[in-house]
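What follows is one structure encoded as structure tokens, with my remarks underneath.
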Amino acid sequence: MLNKSYFRSSILLMATLSYITSDIQAAVREKYGHELDVNDIILSPTKKEFEGDYTFVVFPLVKVLKFSPAQIAEELGQCIKANSRFVEDYNVVKGFLNLQLNQAFWQQCFEELSDEKFGQAGRNGKKMMVEFSSPNTNKPLHLGHIRNILLGWSVAQIAETRGYEVVKTQVINDRGIAVCKSMMAWKLFSGGATPESKGMKGDHFVGDYYVKFDKALQKEYAEWQDSGEADAQYDARHKDEESREGFFKRFKNDYFNLYSPIGRETKEMLLKWEEGDEETVALWKKMNNWVYSGFDKTYEALGVHFDSINYESETYLLGKESVNKGLSDGIFYRQEDGSVWVDLEDVGMDKKILLRSDGTSVYMTQDIGTAQMRYEEHAMDSMVYVVGNEQDYHFKVLFEILKRLGEPYADRLYHLSYGMVDLPSGKMKSREGTVVDADDLIKEVIDEARIASKERGAVSHLEAYKQEDIFRKIGLAALKYFIIKVNARKRMVFDPKESVDMQGTTGPYIQNAFVRIQSVLRKASQAEAVDMEGSNIYIYNEAEKELISQMIGFPEVLDEALRQYDPSHIANYAYGLAKSFHRFYHDHVIYDPENPDQSASRLELVKRISLIIEKAMSTLGIEMPDYM
């Protein structure tokens, strides 16, 4: 009778349902003298076409007990009905034992759902580190960063809810040639301008110079292509039947490294930074601080923060000592040119360089050292890296290397690989200035929420600052839910118009369920016709059972989301619960002053629904408004 839910008895956290599993174990023991492992008990909501509330599948017992499924189900049903506190009747359909539960069961569920900490597990003594965001300091955060940030934040919140101590961290990529491009463009084109003098956020200001650099390089490159030097390069290096246009498109990086005046100056700037040149380092610090100030404002708008931050400028030399130790231990090997490598061909990967012939490190070396440093500082039991799927192979190699180095946490590392975000028009490219900026996107969804809310007029009675807070909550819910509802591993197309739709599978749709409940509760409270505190709870129909059934599955949804590092499970759960409530709201009278007992029960029921919706959405970083 109840819709599909998320139950397997070995991982159910509802004490009431654990009584049913105990009843099943006791019946198997009494009738057959067999000790049934709780992990072999599967309870699921009974299908609508059959009588009953929960169904126990007896087929796994047939092989052990040597009786037919129908006989086992019938004998267990008789025994359970005779002895259970909660089972009032049963029926058998082939090998399925359908159990009908009494009022005491549903009332017990109500009591457990009343616990303010329902869904919150006690501390498990384990520490998890989650790395996410980790932007470059040459541009502002964009839509792709938003997906990364929301995934990382949600996984961290879910883990905390299920008892982990969580350290939220990021590595800011604050060095390298890309950062120097913004610095060089500022030196050439800014005239000493600052974010303050231009009235801009610091990350946007610096990002503009990254775009200016690329435009200057393109102009320089286009002019060079008309030179005799370019002709010579084309004649000597073009492929058979390769057009001049195709060759020079392919040759752009070589031009930057070999012929470009602005490229030469930028590479010289990077060398000066590495040598600690005072003027270069001062400019680097100034521009990075502008960017950090901008990042912080975006993080604040999204409602996220970090417990620990690492900077690539401080970590890029880490790992060399470990690589050299691995070399002496025979884990790595040295090539004739002096470079150090690891051979992973025995596990289906290739050979990977760890130190160049001049002794300088590569990104893999840095990641090895950073992981070791983090373990020394935080002693985490597990670590989750939220990084796009273009880095899948990198993390496979990293984790294998850490295993070979004998790191104690190496088998508890996880790469939360997520698909990239495209626009309807194609991929985003920040150097061309066509990226969907995070700040602009946040403003856009809030503006859309403001327009839609004012059209409805439901918040016009509130003070202006309260209205703005509601618009903010609705807009961010639209944005966050649109992204999180998609399985992390899937590539997605972000359509701004679709994301702010206030109907369908959206954050505002779920918020509306919460708001409706608050409205009903306010109306009942103001009327004072129903004593919710002093009334006995009674379940009147199957729709109410369905709602309770969905609610008691909340802890398992959290666990499943954490096991798979996939917050979309919670997004879909919250939508399903909201949808069931909307249907219940449409089909039933919740508050009826002429029927105070039924009203009291239903008011308590929907109050619990609102609390679980709020908890579920909170793990996704989504706030609930009281009006909308």
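The values are calculated or read from the model by the stated rules, or taken from the named source; none is laboratory data. In this text, all values refer to a predicted model and were calculated from it rather than measured experimentally. Quick reminder, even Gly has a Cβ in these numbers, built from the backbone with ideal geometry, and neighbours come from all protein chains shown. Accessible surface areas use protein heavy atoms only, side chains included; no ligands, DNA or RNA. Shrake-Rupley method; radii C 1.70, N 1.55, O 1.52, S 1.80 Å.
Among residues of the stretch 381-398 that are farther than 18 Å from LEU150 by Cα, those with a beta-carbon under 6 Å from a residue that is crowded, with 16+ Cβ neighbours inside 10 Å at least six positions away or on a different chain give the pairs ASP381/LYS127; SER382/MET128; ASP392/SER417; PHE395/HIS415; VAL397/LYS352; LEU398/ASP367. For the stretch 106-135, filtering for residues that are part of a loop (DSSP other than H, G, I, E, B) and not aliphatic (A, V, I, L, M) leaves 16. Apart from one condition, ARG412 fits all of (1) among the charged types (D, E, K, R); (2) at pLDDT 95 or above; (3) surrounded by 16 or more Cβ atoms within 10 Å (Cβ to Cβ); (4) within 23 Å of the chain's Cα centre (by Cα); the exception is (3). I'm checking my understanding of the structure. Among residues of the stretch 258-284 that are over 39 Å from the mean Cα position of the chain (by Cα) and open to solvent by less than 50 Å² (accessible area, probe 1.4 Å), which one is farthest from ALA232 (Cα to Cα)? For the stretch 258-284, the residue satisfying everything is ILE262. Assessment of the stretch 230-243 against the conditions (on the phi < 0 side of the Ramachandran plot, assigned to a helix (DSSP H, G or I), crowded, with 17+ Cβ neighbours inside 10 Å and of a type in the set (Ser, Thr, Tyr)) yields no matching residue.
Which of the residues that make up the stretch 328-350 are surrounded by 12 or more Cβ atoms within 10 Å (Cβ to Cβ) and either in contact (Cβ under 8 Å) with a residue 40 or more places away in the chain or basic (Lys, Arg) (or both)? Passing the criteria: ILE331, ARG334, VAL342, LEU344, MET349. Restricting to helices (runs of 4 or more DSSP H) lying wholly in the stretch 138-217: which have 3 or more residues that are touching a residue at least 60 places away in the same chain (Cβ under 8 Å), within 27 Å of the chain's Cα centre (by Cα) and surrounded by 20 or more Cβ atoms within 10 Å (Cβ to Cβ)? Helices (runs of 4 or more DSSP H) meeting the threshold: 143-161. Of the residues making up the stretch 85-100, those that are of a type outside the set (Phe, Trp, Tyr) and touching a residue at least 60 places away in the same chain (Cβ under 8 Å) are ARG85, VAL87, LEU99. Of the set (1) of a type outside the set (Val, Ile, Thr); (2) out of contact with any Ser or Thr (no Cβ under 9 Å at 6 or more places or on another chain); (3) surrounded by fewer than 19 Cβ atoms within 10 Å (Cβ to Cβ), all apply to LEU476 but (3).
When the stretch 348-387 is filtered for residues that are in contact with a strand residue (DSSP E or B) (Cβ under 8 Å, 6 or more places away or on another chain) and among the polar types (S, T, N, Q), the ones remaining, listed by number, are SER361, THR365, THR370, SER382. Checked against (1) assigned to a helix (DSSP H, G or I); (2) modelled with pLDDT under 95; (3) more than 17 Å from the chain's Cα centre (by Cα), TYR538 passes all but a single condition, namely (1).
Pairs linking a residue in the stretch 551-566 that is at positive phi to a residue that is in a helix (DSSP H, G or I) and buried (at least 22 other Cβ atoms within 10 Å of the Cβ), with Cβ atoms under 8 Å and 6 or more positions apart or on different chains, are TYR565/VAL155. Scanning the stretch 26-45 finds one or more residues that are of a type in the set (A, V, I, L, M, F, W, C), in contact with a Cys (Cβ under 6 Å, 6 or more places away or on another chain) and assigned to a helix (DSSP H, G or I). Test GLU390 against the criterion of being out of contact with any strand residue (DSSP E or B) (no Cβ under 7 Å at 6 or more places or on another chain) and over 19 Å from ASN173 (Cβ atoms), and give yes or no. Spelling it out, it is not the case that GLU390 is out of contact with any strand residue (DSSP E or B) (no Cβ under 7 Å at 6 or more places or on another chain) and over 19 Å from ASN173 (Cβ atoms). Can you tell me which residues in the stretch 393-405 are in a helix (DSSP H, G or I) and not acidic (Asp, Glu)? Once the filter is applied, which keeps residues that are in a helix (DSSP H, G or I) and not acidic (Asp, Glu), the stretch 393-405 yields TYR393, HIS394, PHE395, LYS396, VAL397, LEU398, PHE399, ILE401, LEU402, LYS403, ARG404.
When we screen GLU594, GLU614 for residues that are open to solvent by 20 Å² or more (accessible area, probe 1.4 Å), more than 24 Å from ASP115 (Cβ to Cβ) and either modelled with pLDDT under 95 or in a helix (DSSP H, G or I) (or both), the only hit is GLU594. If only residues of the stretch 354-372 that are closer than 18 Å to ARG412 by Cα and free of Cβ contacts under 8 Å to residues at least 60 places away in the same chain are counted, the one that is surrounded by the fewest Cβ atoms within 10 Å (Cβ to Cβ) is GLN372. Being among the hydroxyl-bearing types (Ser, Thr, Tyr), out of contact with any Leu (no Cβ under 9 Å at 6 or more places or on another chain) and not in a helix (DSSP H, G or I): is that true of SER293 here? No: the conditions fail for SER293.
Scan the stretch 62-91 residue by residue and report those that are open to solvent by less than 10 Å² (accessible area, probe 1.4 Å) and either over 13 Å from ASP23 (Cα atoms) or out of contact with any strand residue (DSSP E or B) (no Cβ under 9 Å at 6 or more places or on another chain) (or both). Passing the criteria: ILE72, ALA73.
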